[in-house]
1. Could you tell me whether region 94-107 includes any residue that is crowded, with 16+ Cβ neighbours inside 10 Å, touching a residue at least 24 places away in the same chain (Cβ under 8 Å) and either outside any helix (DSSP H, G or I) or touching a Lys or Arg at 6+ places or on another chain (Cβ under 6 Å) (or both)?
2. Consider residue 139 against the criteria (1) acidic (Asp, Glu); (2) within 23 Å of residue 47 (Cβ to Cβ); (3) in contact with a strand residue (DSSP E or B) (Cβ under 7 Å, 6 or more places away or on another chain): it satisfies all of them except one. Which criterion is unmet?
3. Which condition number in (1) among the hydrophobic types (A, V, I, L, M, F, W, C); (2) over 28 Å from residue 171 (Cα atoms); (3) out of contact with any helix residue (DSSP H, G or I) (no Cβ under 8 Å at 6 or more places or on another chain); (4) exposed (fewer than 12 other Cβ atoms within 10 Å of the Cβ) is the one that residue 18 fails?
4. Could you give me the residue pairs with C-beta distances under 9 Å whose first residue belongs to region 66-77 and is under 20 Å from residue 120 (Cβ atoms) and among the hydrophobic types (A, V, I, L, M, F, W, C), whose second residue is open to solvent by 50 Å² or more (accessible area, probe 1.4 Å) and assigned to a helix (DSSP H, G or I) wherever it lies, and which are 6+ apart or on separate chains?
5. When the residues of region 108-145 are narrowed to those that are in contact with a Leu (Cβ under 9 Å, 6 or more places away or on another chain) and part of a helix (DSSP H, G or I), which ends up nearest to residue 162 (Cα to Cα)?
Amino acid sequence: MMKTVNGSKKTSTITFRLDDDTIHKLRGLSRMQEVSTNTLVNQALKRFIDWDVYLPRSGFVILSKPVLAKLFDNLDEKFVVDIASTIGREGIEDIVLFMRGKVELNSFISWYETLMINSSVQISHLVDNGFHTMVLKHDLGNNWSLYQKTILELIFRELFQKKIELECDKNTVRVMFTDDEIAS
């Protein structure tokens, strides 16, 4: 049965059999997060379909934040820029294509936000009259900010021909661009 929710998204009803322990944990999590069990299951399935199913084939590895921070802290800035400029930029383009089916600005932003969320990085993306401001709060140090800044500058300039402004410190990266601004 298909339904329209809030006039925009269609939903279908489907039934699954889950073991009692899983249902108990789902209900507990939904109470803690103050969302319905249905919403929690939808979020979990969306993450699985949009992200988790691709991880084994996309080349990602899972590291704890303290390990990643320590690794980046011990790198020379020139080396960080070199990695971001070569391996990072090309790898990201390939992964976005693999996971989203195309590499265009909206698919990239969607993928990048999902990457950050699934990497324990807090992200805020505000759009006001076509002016985008994305802020990443990562707490991973200056070199990780430099890595992200370098990759984002290259991707926006080379793939999307868009001007971008970036501001970084040891805990955050701020990205600003407009919908209609095209680099010349």
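The values are calculated or read from the model by the stated rules, or taken from the named source; none is laboratory data. This one's a predicted model, so the numbers in the text were calculated from it and none came from an experiment. Note that we place each Cβ from the backbone using ideal geometry, even for glycine, and neighbour counts take in every protein chain shown. Only protein heavy atoms, including side chains, enter the accessible area calculation; ligands, DNA and RNA are left aside. Shrake-Rupley method; radii C 1.70, N 1.55, O 1.52, S 1.80 Å.
1. Within region 94-107, one or more residues are crowded, with 16+ Cβ neighbours inside 10 Å, touching a residue at least 24 places away in the same chain (Cβ under 8 Å) and either outside any helix (DSSP H, G or I) or touching a Lys or Arg at 6+ places or on another chain (Cβ under 6 Å) (or both).
2. Unmet condition: (3).
3. Against the list (1) among the hydrophobic types (A, V, I, L, M, F, W, C); (2) over 28 Å from residue 171 (Cα atoms); (3) out of contact with any helix residue (DSSP H, G or I) (no Cβ under 8 Å at 6 or more places or on another chain); (4) exposed (fewer than 12 other Cβ atoms within 10 Å of the Cβ), residue 18 comes up short only on (3).
4. Cβ pairs passing all conditions: 72/142.
5. Among residues in region 108-145 that are in contact with a Leu (Cβ under 9 Å, 6 or more places away or on another chain) and part of a helix (DSSP H, G or I), the one nearest to residue 162 (Cα to Cα) is 108.
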